[in-house]
1. Tell me, yes or no, whether the range B:242-258 has at least one residue that is buried (at least 19 other Cβ atoms within 10 Å of the Cβ) and within 23 Å of B:Ser150 (Cβ to Cβ).
2. Considering only the range B:199-215, state which residues are at pLDDT below 85 and in a loop (DSSP other than H, G, I, E, B).
3. Can you find, within the range B:102-159, the residue that is modelled with the lowest pLDDT among those that are touching a helix residue (DSSP H, G or I) at 6+ places or on another chain (Cβ under 7 Å) and away from every other protein chain (no Cβ under 14 Å)?
4. List every residue pair whose Cβ atoms lie under 6 Å apart, where the two residues are 6 or more positions apart in sequence or sit on different chains, the first residue falls within the range A:50-78 and is within 18 Å of B:Val165 (Cα to Cα), and the second residue, located anywhere, is in a loop (DSSP other than H, G, I, E, B).
5. Only residues that are in a loop (DSSP other than H, G, I, E, B) and under 15 Å from the mean Cα position of the chain (by Cα): list them for the range B:233-275, please.
6. So, in the range B:130-179, of the ones that are touching a residue at least 60 places away in the same chain (Cβ under 8 Å) and among the polar types (S, T, N, Q), which residue ends up farthest from A:Trp66 (Cα to Cα)?
7. Return the residues of the range B:173-214 that are crowded, with 23+ Cβ neighbours inside 10 Å, more than 12 Å from every other protein chain (Cβ to nearest Cβ) and β-branched (Val, Ile, Thr); say none if nothing qualifies.
8. Of all residues in the range A:109-135, which are crowded, with 17+ Cβ neighbours inside 10 Å and of a type outside the set (Gly, Ala, Ser)?
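The values are calculated or read from the model by the stated rules, or taken from the named source; none is laboratory data. Predicted model, so just to flag it, every value in this text is computed and none were measured. FYI the Cβ positions are ideal-geometry reconstructions off the backbone, even for glycines, and counts take in every protein chain you see.
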Amino acid sequence: MKRKLITLLIILVCFLLESSVFHRLSFASVKPNLLIVVTSSFGFMRGKKEGMFVGFSAGLLADLFWGNALGFNMLLYAVIGYMNGSFKRMFYDDDVKLPIVLIGASELVYGLSTYACVYMLQGDFAFFSYLFGIILPELVYTILVTLILYQIILHINKKLEAEEQRSASKFV
Amino acid sequence: MKNKSQSSFSSKYWLIIISVVCVILLGIERFTDGGGPLRFIAGYTVIPMQEGISYVGRFMSDLSDNFETLDEMKKANEKLQSKVDELTTDNTRLRQEQYELERLRELYKLDENYSDYEKIGAHVIANNGSNWFATFTIDKGTLDGVKVDSNVLAGSGLVGIVTEVGPNYAQVRSIIDDASNVSAMMLSTSDTCMVRGDLELMSDGRLHFEKLPNNDNVVEPGEQVVTSHVSSRFLQGLFIGYVSDIDVDANNLTRSGYITPAVDFSKLQEVLVITTTKQEMTGGEDAGEGE
């Protein structure tokens, strides 16, 4: 229960930060994508199911407030969370390379599919200008933010896991 | 081992459920408009938080403004004073013309006065968090008389149009958004054109215009562009910006180019919402026509 609440709180805080504070911190009018960082890191830290639900909730918020159609971001984020979940076996706490690669890849998938589903279907084929104007700058900025945000999420997760283990051993 | 395969089966199962739910939602969205109960709940939970954060943000920026040095303030004051003088002379001249206009209007019995629409002020409380759209949320909704298709201004220029409205918030699509199309006209020649937002131009805050007839009327950079009389959603005569570039298209029939908007979209804090929509003004018979 506590874990669920805290997870929800992390998603909400990232959502609020992204729509208010990071709008002012944008470089070259590009903002980092915090929701992808959260979804992806819960995916490979906690497994497919939790990654999927975190992605689902993040996508719900994004759809309600930023998107055009309810459901598109939900599906996209849920699938990204699920994909990241399958890397749980390869994940170790002290390794920072895998998280960065995974988050980067998720961000790339997010950017490319948003372009394909929203702009390409409208008949807008200026792919490279989107790639170099939005997708890649967003990727770089997101990875920079990951270096900090990921450590915070990791720390919170470690604490929660330690607490869960303690309370589990108490009842044995 | 058995336990493991079971859990991976169940997560696959969940993935399928979630995908189906999303696809159904997308389908529903296609046939109805608005998010229904979910948007309603979100309006009462997330919006107050966004309001809180934006309030803190405004407070902080006010605080940092207070630290501006006296010297800068003096310089700004001088500049503003000269501007006031300039505007006062302008104003008297314009007022004279206004009287003249009113008299002529009375003569022509033109009772439609486009210049004083009823407006309400609103704060921008959240921006779009993704880099793909240029929409933002304001803290006024149906309770304050904001409706879908209400036009939104900042300073003197057009900012956008309300696309979605809740009891205490409204979603505004800026005119620099890729999905935005505004029917506009050149102020001096009254030639109509389409002003389109473009994701590539969004970063430098410019707009693209097209379909301006290639006739004898000379349009030069610096020309003012306003919303046109044929637009079905935008009220007539709202200022959009200045022409910065103009070229004759390859077909030799139309001209296109770029517009520098009158509003700085990167620093929007307060906006004005016009509570009368164009449909109401024209009697609503052309509601639902294309954008």
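1. no
2. B:Ser203, B:Asp204, B:Gly205
3. Applying the filter and picking the extreme gives B:Ile120.
4. Qualifying pairs under 6 Å: A:Asp63/A:Leu70; A:Trp66/B:Asn128; A:Trp66/B:Gly129; A:Trp66/B:Ser130; A:Leu70/B:Gly35.
5. Across the range B:233-275, the qualifying residues are B:Arg233, B:Phe234, B:Leu235, B:Gln236, B:Gly237, B:Leu238, B:Ala262, B:Val263, B:Asp264, B:Leu268, B:Gln269, B:Thr275.
6. B:Ser156
7. Within the range B:173-214, B:Ile175, B:Val182, B:Val195 meet the criteria.
8. Hits for the range A:109-135 are A:Tyr110, A:Thr114, A:Tyr115, A:Val118, A:Tyr119, A:Tyr130, A:Ile134, A:Ile135.
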